[in-house]
Structure formats: C-alpha cells, structure tokens
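Novice: This is the structure I want to talk about, given as structure tokens.
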Amino acid sequence: MNVRSQISMVFHLDKCIGCHTCSIACKNIWTDRKGTDYMWWNNVETKPGTGFPALWEDQDKFKGGWEKHNGKIRLKSTGKGRIIPNIFHNPNMPSMDDYYEPWTYDYQNLFNAPEGPDQPTAKPISMVTGEYIDIESGPNWDDDLGGSPIYAANDPNLEGLTKEQRLQLMSIEQLVFFYFPRICNHCMNPACVASCPSGALYKRGEDGIVLVDQKRCRAWRSCIAACPYKKVYFNWFTGKSEKCILCFPRIETGQAPACFHSCVGRIRYLGVLLYDADRIEEVSNLPQEELIDGQRSMILDPNDSHVIENALKNGIAESTIKSAQESPVYQYVKVWKLALPPHIEYRTLPMLFYVPPMAPVMAQQKAGGLDSISENLFHDIEEARVPMKFLGNLLGGGQEGKVLYALRKEKSVRWYRRAVTVGDVDLETAERMLKEADCTVKEAQAIYELTSLCTFDQRFVIPPAHREEAIEALKDPMEHKQGTGFGFLSGPRRGL
Amino acid sequence: MSSYFDILMFAALPYVAVFTLLLVSIQRYRSQSFTFSSLSTQLLENKRHFWAMVPFHYGILAVFAGHLLAFLMPRAILSWNSAPMRLYLLEVTGLACAVLTLVGLIAMIVRRFTNSKLRVVSTPADVILYALLVFQVVTGIAIAVIHPWGSSWFAASLTPYLRSLFIFNPDISYIVGMPMLIKLHIINAFLVVGFFPFTRLVHILVIPNPYLWRKPQVVRWYGE
C-alpha cells in the first residue's frame, strides 16, 4: 500500500444556481493576462449543452483521455512513440475557433465619437489582434439554452437516448437544464502529465495538485489534446501551457481556492482523500462498468489504523491525516456514495466529484400535485425530465445505476427532512424510503447537515501545508527569504 | 591566395558563431529557461499549420542529416557514389528534401504574414530568421542544380575543412577556390548558427529528453 494524500473536491450540482461567480473570481486572479484571455480555468456549463470548448466531451473529435489497447491503457492522442511523427503538428489540438476569440469593447468611442444623428456604440475588439470583430461565440455562449436545437441537441451525453427521450428534452413545456461547473479535476491518472514530452507537467506528491512547470514547458502541445476535459490551455502569447492550479498559494496558507471561496450557492467542498497510489494503473485499466467502484476502492479509510500507519510511513503529516478524517469529500464520495466522478470512462480517475442534480427530477410532476404517494416512492426519479441515461453518461461512466443510487438517497433525505420539519408526510414512510435508499436516520441527518447547514470550516477542510517546516529541514529560513515567490525576475514574455 | 575576407568568413566567423551559440544558449537556459519554447502558433491557426510545419521539419531534418553524414563518414559517401546510379539517387533525394523544406518554409512565411492573429505574435527575430533560412535553402537548391554532385565534392573538400575547424587549425585552402554561391551558403550557415540562440530555434536544444523511457506519471515532492 502506497498511501498518498490528495486535496479533492465535491461539487453539489443540486445547489448550483449558475451565477458564474466562481468563473469571475478565478478570471480576475489568474487569467487576466495577455495570452490567457480566452482561458477559463473555471467555467460553468449549461447541460444539456455543448460546453466549452464546444463539444469537449466528443472524444472521437478531440481524442482526449486513455483508451484500452491490447489489454493495457494508452493515451488516445499521442503518447510515447506516436508523439515522434506528430510533434510538428498535433493532429488533435483544438484551435482558438473551438474556444472563442477573446474580445473587449471600444469604450473610448463612447467618449470620442464625433457628434452625429446616432448614439455612439462600443464595437467589439479582438483581444488578440486589436481589430474590430464580429463576436461568434463565447465561453458561456449556450448559457441557459436548454432545449436549443444547436447546443442542447448536440450534447455528446445524449448518446444512447431514444428518439422519444431526445424529443422530450426539446419539447416546449418540458425544457430542462442544469448547471455543470468545471475546473481541473486534478486526476489520479492525468492524461496531460502522461502526454508531456518535456515532463513539464507533474502531480504534487503532498496534495495531488497537477501543475505545469512554466520553465520546462516547450509548447509541444500534447497536454492540450490529451486532457479529455480540455482543462489545459495554451497561452498563445508566451507559448506555454497553463491550467487550473487549485489556487495552491491560497491552499498553502489555509485559504480555500478562489472559486470555492466565492461560491454563492455554497456548492463546493474541499478536503483530503487518502488513496493507494500502487493501484492507479490497475484501476485505470478496469472494464468501464467497474471503474467507479474501482476508484472508490482506491480511496482509503483515514480512520483505519493500518492506513494511518502506512500514511505516516510515507511521510504524510499527522495533521493531514486528521484533516482527511474530517474531510467532507470523503463523506460524500466514499461513505455516502452520493458524489460521482465526471466521465470516468476517460480513465484519468478524476478527483473532483459531482453530486447529481435532483431539482429537475423533482420538478416533473403531473397536474395532480407535487408528490403523489405511490407504491414505488422513487418512481418519479426514473421518469425525470433529465433522462437517467443522460446523467449516467455524464457522471455514471455510462451506467445509470450509480446515479440512481445517489438520487434515491438524496430524495429520501429530502423526504425525511420534510417529515421532520413540515410534517405533511408521515415519518414512517420517510423512514421506509431511507431504508430503501440504503440510508439510516443518522446518515440522513449528517447528509442534511453537510448539505444545507454547512459552515465555511465544514466545507473547506484544508490541511496545514507545513511549508515552513519543509523549508527549515532543507536550509536556513533566512536564506530562503530571497527564494520565495514564483521565481521569476521579469514578467513572462514571448521568446527572448 | 586567401584574402582577408576569406580568413574572416571561414576562419574567424565559424568560431564566433559557435561560441555565441554555446555561450548564449547556456546563459539563456540558466537565467531565462522560461523563454525556451517552440512558440507554437497551432492554437491560433490550425489548418495551414499542417501544410507548413510538416514538410518544413521533415525536409530540413533530412537535409541536415545528409550534411551530417557527409561530415561524419565521407569515405562511405564517396564509395556509395562510385556507382553513377547511386550518386543520382542520392542527389535527387537530397534535392527533393530541399525542395520540400522550401515549400514548407514558404508556406510558413505566407501563413504567418497573411493571418492577422499570427502577425501579432511575430517578432523581428522571426523575420530575420525567416530571411536567413530562405537564403540558406535557396542557395542550397541553387548549388545542387548549378554545381551538382555535391554529395561527392562536399565529402572531398568541405569535410576536411570542417574537420580542420574542429581541431582548431582552420585550413581554408579548401574553400578559397570555391564558387561564390557555395561560399555564401557556408557563410550564411555560420550566421544561422550564431543567430540560433536568440531565436525560437532553441527548441531544438531541448528536444532530447527521456519521455520515451520515463513512467507515464510524474510526481514531484516539495523540496525535490
């Protein structure tokens, strides 16, 4: 057992209101520079929809992630030997057209325009060329466009849905959408890292954050194609790849990342997971339907004395283990099995998990009232407006079972709380539902508390980074004084 | 008889060029490793990119390999060329690769200066480099046409000259009698070498790395 600690994440989709505050917080801190203008390390997508960059989930087009090949897994794009003939031109790299051409507006014209019969306008200007452009797409171009025949109808997750189900998604009074906020998943088996010819991408041992070493990146562009989530971006000005850094300077000082901190709906949870790094290759290679269980089995119980012993042996600090024991992510992912990895069939083993959204499910009701009691109390979940198959494609590795399990539990908790607080449904029925959903009263109470009443400190359980001790162990802290910061003496620029 | 011009160009310039290459590359790598990048523009323009980069890179690699072979194993080249058929084969292959390079290079230049996004990321160094490379490839093709059988005479007279440079005892007697076209090709080659470390060409220096042998995943621990 090779215990490693990772700062992992849960996004509770049932709480996301699609306000994009997370995206703006991130943008203002990290990607407000020339060359990064089109990047959205954090973005919020409307599902069903084509996302950003458009159709990123279509791996026949982008060839991201891993695939099974002769009993092993290999990169779908250009790993190992295949990088040599493809290094001059990456065949799977998206172009700026797949994202959008970043723009601002000619605000000066509002002040400087000569007097005339019309109101002056601020025409859009490309942030790349500085020329006037016609805006053709943007980072959230299909925002709230559920039911759109251009965007929603082309969502790659609709694969396997019947014609009736697709029509139902588009019919005017049945329209449905939910939000899907995305950052880098900081995967256990990252395809971007495995694809980098320079070895510039790496996973941090202590907390599993995946980073691009800016000084080693040589613009071979393999990571852009290899990441199936399209969360590595190419800085067109400096000629370097950049990606979400999970705000590591904030995490190291005990603060939640900016997108987490600013989240209005409080949908985001951050905490330590301990996992067995020896099993990465084995689990990545499992049959598709076993991947979710495989990844869950890699996540170790931080209260198990054997795990603690091995963690200490690997140099994981006691404070980190304690943090793992209090991790909200561990509860959601492993204990309650409510949170699911996005598209685990890409085999990168993402460490960001999503609680599937329940709201559109509950909203589908006949004229008879909100919830009519039937023999099967969960019947409306399977008749939901968002077909289970769609959620299964997105979060269940192509299977509906895991999503259904989570939704049933979510619904039973909601029902139970309704019996306790509103009292218009009887407690006995609610408890029967909990039982059928594989949940206890105690667990339901815990889920309710962490979902609805959670404080800042319960949502973000950040272990101390112990950087100061690591520095002291290596050199005189006073000597380190000059070596802090990002190590750049001048601003990043293009070429010499 | 060697003029001052010949001495300057063929006995001094090579050392200045190589010295600049080594000194600037090392210093740049040590203090400005961030600037080591191929500065790819594939994100900004993805269609013509293929038709420019692929012919150019394969072409120039083949041409460079030809020059290197003639330098490293002149005897083998000469004995290969002893049969006319094999000589023609080698010459035609070399010329074809040079034309491929030129096609790619022209495509690169056209692509770069007809696309408004690419103009934004073009620097004066890029322009100078293109000029040097075009001059080098065009003179190379002209030499192959006007002064044929270069694979033989390179091995016979240029290889000894280059070797004399390597042993720090430059013997320019091989060069002085050569036609101006060939002299210009050689001089420009040294200029490319000297200008190399100031351009994006430094990406060539950072290709060799253990990617093919390393484990797929890279993990770094703090302080390592």
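The values are calculated or read from the model by the stated rules, or taken from the named source; none is laboratory data. Because the structure is predicted, anything quoted here is derived from the model rather than measured. Here the Cβ is made from the backbone with ideal geometry for all residues, glycine too, and neighbour counts use every protein chain on show.
Novice: Being in contact with a Ser or Thr (Cβ under 7 Å, 6 or more places away or on another chain), part of a helix (DSSP H, G or I) and either within 14 Å of another protein chain (Cβ to nearest Cβ) or surrounded by 15 or more Cβ atoms within 10 Å (Cβ to Cβ) (or both) is the requirement here; does residue B:194 meet it?
Specialist: yes
Novice: Something else: Within the stretch B:112-119, does at least one residue satisfy the condition of being without any contact (Cβ under 8 Å) to a residue 60 or more places away in the chain, crowded, with 16+ Cβ neighbours inside 10 Å and within 14 Å of chain A (Cβ to nearest Cβ)?
Specialist: No; the residues of the stretch B:112-119 include none that is without any contact (Cβ under 8 Å) to a residue 60 or more places away in the chain, crowded, with 16+ Cβ neighbours inside 10 Å and within 14 Å of chain A (Cβ to nearest Cβ).
Novice: Those residues that are free of Cβ contacts under 8 Å to residues at least 12 places away in the same chain and either surrounded by 19 or more Cβ atoms within 10 Å (Cβ to Cβ) or in a helix (DSSP H, G or I) (or both), I need them from the stretch B:57-74; list them, please. Working first, answer last.
Specialist: Kept after step one, since they are free of Cβ contacts under 8 Å to residues at least 12 places away in the same chain, are these residues of the stretch B:57-74: B:61, B:64-65, B:68-69, B:72-73.
Across the stretch B:57-74, the qualifying residues are B:61, B:64, B:65, B:68, B:69, B:72.
Novice: Is at least one residue of the stretch B:200-209 among the hydrophobic types (A, V, I, L, M, F, W, C), in contact with a Cys (Cβ under 9 Å, 6 or more places away or on another chain) and within 14 Å of chain A (Cβ to nearest Cβ)?
Specialist: No.
Novice: So which residues in the stretch B:1-55 are charged (D, E, K, R) and within 22 Å of residue A:493 (Cβ to Cβ)?
Specialist: B:28, B:30, B:45
Novice: Name the residues in the stretch A:112-135 that are out of contact with any Pro (no Cβ under 8 Å at 6 or more places or on another chain) and within 14 Å of chain B (Cβ to nearest Cβ), would you?
Specialist: A:125, A:129, A:130, A:131
Novice: Okay, next question. Whether any residue in the stretch B:46-54 is on the phi > 0 side of the Ramachandran plot and surrounded by 16 or more Cβ atoms within 10 Å (Cβ to Cβ) is what I want to check.
Specialist: no
Novice: I would also like to ask the following. Among (1) closer than 19 Å to residue B:47 by Cβ; (2) without any contact (Cβ under 8 Å) to a residue 24 or more places away in the chain; (3) part of a loop (DSSP other than H, G, I, E, B), there is one condition residue A:97 misses while meeting the rest; what is its number?
Specialist: Among (1) closer than 19 Å to residue B:47 by Cβ; (2) without any contact (Cβ under 8 Å) to a residue 24 or more places away in the chain; (3) part of a loop (DSSP other than H, G, I, E, B), the lone unmet condition for residue A:97 is (3).
Novice: Take residue B:169 and tell me if it is assigned to a loop (DSSP other than H, G, I, E, B) and away from chain A (no Cβ under 14 Å).
Specialist: The answer is yes for residue B:169.
Novice: If you don't mind, another one. Could you tell me how many of the residues in the stretch A:262-275 are surrounded by fewer than 22 Cβ atoms within 10 Å (Cβ to Cβ) and within 14 Å of chain B (Cβ to nearest Cβ)?
Specialist: 0
Novice: Within the stretch A:68-85, can one find any residue that is of a type in the set (Val, Ile, Thr), at pLDDT below 95 and part of a helix (DSSP H, G or I)?
Specialist: Yes, the conditions are met somewhere in the stretch A:68-85.
Novice: For residue A:307, state whether it is assigned to a helix (DSSP H, G or I), β-branched (Val, Ile, Thr) and closer than 29 Å to residue A:31 by Cβ.
Specialist: For residue A:307, the condition - assigned to a helix (DSSP H, G or I), β-branched (Val, Ile, Thr) and closer than 29 Å to residue A:31 by Cβ - is not met.
Novice: Another question about this same structure. Limited to the stretch A:1-38, what total is found for residues that are among the hydrophobic types (A, V, I, L, M, F, W, C) and within 20 Å of residue A:179 (Cβ to Cβ)?
Specialist: The total comes to 11.
Novice: Which residues, taken from the stretch A:75-105, are of a type in the set (D, E, K, R), closer than 16 Å to residue A:222 by Cα and at the interface with chain B (Cβ under 9 Å from one of its Cβ atoms)?
Specialist: Residue satisfying the conditions is A:80 alone.
Novice: For the stretch B:36-56, what are the residues that are small (Gly, Ala, Ser) and either within 7 Å of chain A (Cβ to nearest Cβ) or in a loop (DSSP other than H, G, I, E, B) (or both)? Don't jump to the end; show me each part of the working.
Specialist: Of the residues in the stretch B:36-56, the ones small (Gly, Ala, Ser) are B:37-38, B:40, B:52.
Within the stretch B:36-56, B:37, B:38, B:40 meet the criteria.
Novice: Please determine whether any residue of the stretch A:290-300 is touching a His at 6+ places or on another chain (Cβ under 8 Å), farther than 22 Å from residue A:205 by Cα, surrounded by 15 or more Cβ atoms within 10 Å (Cβ to Cβ) and not β-branched (Val, Ile, Thr). Steps first, please.
Specialist: From the stretch A:290-300, those touching a His at 6+ places or on another chain (Cβ under 8 Å) are none; that's our starting set.
Taking every residue of the stretch A:290-300 in turn, none turns out to be touching a His at 6+ places or on another chain (Cβ under 8 Å), farther than 22 Å from residue A:205 by Cα, surrounded by 15 or more Cβ atoms within 10 Å (Cβ to Cβ) and not β-branched (Val, Ile, Thr).
Novice: Suppose we filter the stretch A:136-174 for residues that are small (Gly, Ala, Ser), in contact (Cβ under 8 Å) with a residue 40 or more places away in the chain and on the phi > 0 side of the Ramachandran plot; how many remain? Give the derivation first.
Specialist: Step one: list which residues in the stretch A:136-174 are small (Gly, Ala, Ser), which gives A:137-138, A:146-148, A:152-153, A:160, A:171.
Right, trim to in contact (Cβ under 8 Å) with a residue 40 or more places away in the chain and you get A:137, A:146, A:148, A:152-153, A:160.
Add one more test, that the residue is on the phi > 0 side of the Ramachandran plot, and what stays is A:160.
The qualifying residues number 1.
Novice: If residue A:178 satisfies all but one of (1) within 14 Å of chain B (Cβ to nearest Cβ); (2) out of contact with any Ser or Thr (no Cβ under 6 Å at 6 or more places or on another chain); (3) not small (Gly, Ala, Ser), what's the number of the condition it fails?
Specialist: (1)
Novice: Can you name every residue in the stretch B:127-166 that is crowded, with 19+ Cβ neighbours inside 10 Å and within 14 Å of chain A (Cβ to nearest Cβ)?
Specialist: none
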